[in-house]
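The values are calculated or read from the model by the stated rules, or taken from the named source; none is laboratory data. For clarity, every value in this text was computed on a predicted model and none was experimentally measured. Heads up, the Cβs are rebuilt from the backbone with ideal geometry, glycines too, and the neighbour counts pull from every protein chain shown.
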Amino acid sequence: MTASMVARSACWYAIKRVPTSFHPPTAATSFTGRCFRSVARRRYQREGVPEYRIVDGGARIVERWRPKDERPEILADELEWQPDPTVPALVMDLPVLFVAALGT
């Protein structure tokens, strides 16, 4: 089994085990990015998950995908999340968050 086959198998196994009702932001690396941007994203879109986010620390952006999207919305300034309309939205300042997490 090649390294590529192992990675695909691990990716598919992990994605199948995450319930579609649970969709935290996903941090992509050069190794996992393809998996999250293709296999996981398509599954979440097919299942109707309202929003799927991929955090790309290297580019310091967040990709936001919705069920009908063919391309992601690219967020570089702020990310707002409000799963419950009765609770105020959580607004994250992405440049500040990336500096805190990754340094300058």
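If we scan segment 71-87, do we find a residue that is among the hydroxyl-bearing types (Ser, Thr, Tyr) and at pLDDT 90 or above? There is at least one residue in segment 71-87 that is among the hydroxyl-bearing types (Ser, Thr, Tyr) and at pLDDT 90 or above. In segment 57-104, the qualifying residues are those that are β-branched (Val, Ile, Thr) and in a loop (DSSP other than H, G, I, E, B), and the one that is surrounded by the most Cβ atoms within 10 Å (Cβ to Cβ) is VAL87.
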